[in-house]
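Reviewing the structure listed below.
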Amino acid sequence: MPKRISTGKGSPLREIIPEGSSRRELTELHVHLGGSVPIYRLWEMGIERGIRGVAGSYEDFINLLHRSTSNTGDLDRYLEVFDIVELIQAGPRAVAEAIMIAINGAYRTGGMRRLGPGGEGGDPDPIFAITQLEIRFNPMKRTGLLLSKHGVQGLFDVDRIIRAACEAATNSEIAYKNGISTGLIICFGRDLSWEVNETLADKVCHWKKSYPNKIIGVDIAGPESELPLDKQQNLERMAALYKRAGAGIGKTVHVGETPHVSIDTFIKTIKALEPNRVAHPVVAAKAYWENKDARGLELLAQEKIVCELCVHSNLLTGAIASIEEYGRFLRTLDEFEIAYTFSTDSPALQLTTLAGELEMLLSSGAATPEQIIGALENADKATFISSDPFSPNAEEQ
Ligand SMILES: [Zn+2]
């Protein structure tokens with residue numbers, strides 16, 4: 001744990017995670033690499049790599065990348081700047097650097113309640129440290145593929161990128177003398193071609209044999225508007241990808257965050273992909289609230305699928321309208337006995353931290369201390385990271 005300097009009185013989060021508590025070492029299982037490198041470090045990486053014309057000034061760069069209420073509102077707008085970040089993070093060396101920064105950042109600043117304007121740590125009194133971290137990313141989007149428009153090959157070698165990410169995560173654990181555990185979730189892209197996603201599935205299948213404790217899961221990310229998986233043919237193709245890549249590793253999926261995914265598509269997606277966890281399944285709650293349709297919630301409960309919730313991100317994308325509605329969302333999940341966890345999604349670009357988000361839930365009354373504690377325990381249980389660092393977290397199926 002980082003050393004505490006002051007007592008930090010008056011914090012509702014501090015009351016449930018006091019000094020000496022076993023909960024001062026937490027698990028965070030939903031952050032994207034593109035949103036986990038602080039803006040000031042992205043600026044420095046851009047300068048070092050000679051990237052041209054990203055913004056007119058450092059202040060412009062912060063304003064451009066910072067995901068705030070003034071430049072988001074829906075998922076597509078929220079995702080607009082990730083192309084820039086992915087290009088700054090392109091290539092094996094930049095990916096390795098980004099992974100190390102993300103891990104160190106989670107440990108160092110995850111328990112802080114304040115950050116500086118570029119994402120610098122600004123709180124001398126962190127409440128906890130994140131010591132188990134799952135980072136998700138799309139290696140294909142770090143190949144420079146975006147520069148070739150709709151091409152299928154980028155400048156950089158995806159094999160080298162995946163290997164560099166695994167090595168960087170391993171090196172970070174060694175540096176922390178096993179004080180942290182990390183794992184990588186590989187994301188398919190709703191905005192990439194099937195050909196690119198299929199190549200990625202084969203890469204996951206190949207590299208998880210060499211790094212079974214580092215490549216711990218698969219996911220789908222990107223704009224639901226581009227590939228809502230509402231067509232049976234697309235859903236079958238995605239299910240085949242999950243099978244191809246996902247045998248023996250954890251499965252999660254971003255689905256139901258926007259109105260582009262109907263409750264029927266949500267249910268079909270869950271049944272086809274059979275995930276262990278699901279990110280932002282807002283549509284399941286909304287179908288219940290608006291149409292008394294409980295099928296999505298009942299399916300999550302029946303299959304014991306754990307929900308990955310990212311409060312600030314869900315508010316920025318408009319998935320959930322207000323912090324009060326967030327409280328209702330949590331109560332609905334409790335009503336159906338569905339387990340959920342809290343994460344930050346893209347803390348560096350939102351200028352948020354896990355501690356800040358938990359504090360917001362508590363101080364607004366959206367979550368009770370019991371709900372927060374339950375969610376922290378769920379994250380420990382639901383992580384795909386193996387508790388035994390020397391054996392794979394699941395046997396090959
Ligand atoms: Zn996410």
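A few points about this structure:
- Selection status of A55, buried (at least 22 other Cβ atoms within 10 Å of the Cβ), in a loop (DSSP other than H, G, I, E, B) and of a type outside the set (S, T, Y): no
- Members of the stretch 313-325 found to be within 16 Å of the ligand (Cβ to nearest atom) and surrounded by fewer than 23 Cβ atoms within 10 Å (Cβ to Cβ), listed by number: N314, L315, G318
- Selection count where residues are in contact with a Leu (Cβ under 7 Å, 6 or more places away or on another chain) and either within 16 Å of the ligand (Cβ to nearest atom) or free of Cβ contacts under 8 Å to residues at least 12 places away in the same chain (or both), scope the stretch 355-379: 1
- Scope the stretch 64-83; condition more than 16 Å from the chain's Cα centre (by Cα), part of a helix (DSSP H, G or I) and not hydrophobic (A, V, I, L, M, F, W, C); matching residues: D76, R77, D83
- For the stretch 281-292, a residue qualifies if it is free of Cβ contacts under 8 Å to residues at least 40 places away in the same chain and surrounded by 23 or more Cβ atoms within 10 Å (Cβ to Cβ), and the qualifying residues are P281, V283, A284.
- Residue in the stretch 327-342 that is closer than 16 Å to Y78 by Cα and within 13 Å of the ligand (Cβ to nearest atom) present: no
- Failed item, numbered, when K292 is tested on (1) within 16 Å of the ligand (Cβ to nearest atom); (2) over 27 Å from S70 (Cα atoms): (1)
- Residues within the stretch 179-196 that are over 13 Å from N104 (Cα atoms) and touching a Pro at 6+ places or on another chain (Cβ under 8 Å), tallied: 3
- With respect to being within 24 Å of F128 (Cβ to Cβ), modelled with pLDDT of 95 or more, touching a Lys or Arg at 6+ places or on another chain (Cβ under 8 Å) and more than 16 Å from the ligand (Cβ to nearest atom), E308 falls outside the description.
- The residue pairs whose first member lies in the stretch 24-47 and is under 25 Å from S181 (Cβ atoms) and in a loop (DSSP other than H, G, I, E, B), whose second member is among the polar types (S, T, N, Q) and within 12 Å of the ligand (Cβ to nearest atom), and whose beta carbons are closer than 8 Å, counting only pairs six or more residues apart or on different chains, are S36/S346.
The values are calculated or read from the model by the stated rules, or taken from the named source; none is laboratory data. Small disclaimer: the values here were computed from a predicted structure and weren't measured. Every residue, glycine among them, receives a Cβ derived from its backbone with ideal geometry; neighbour counts consider all protein chains shown.
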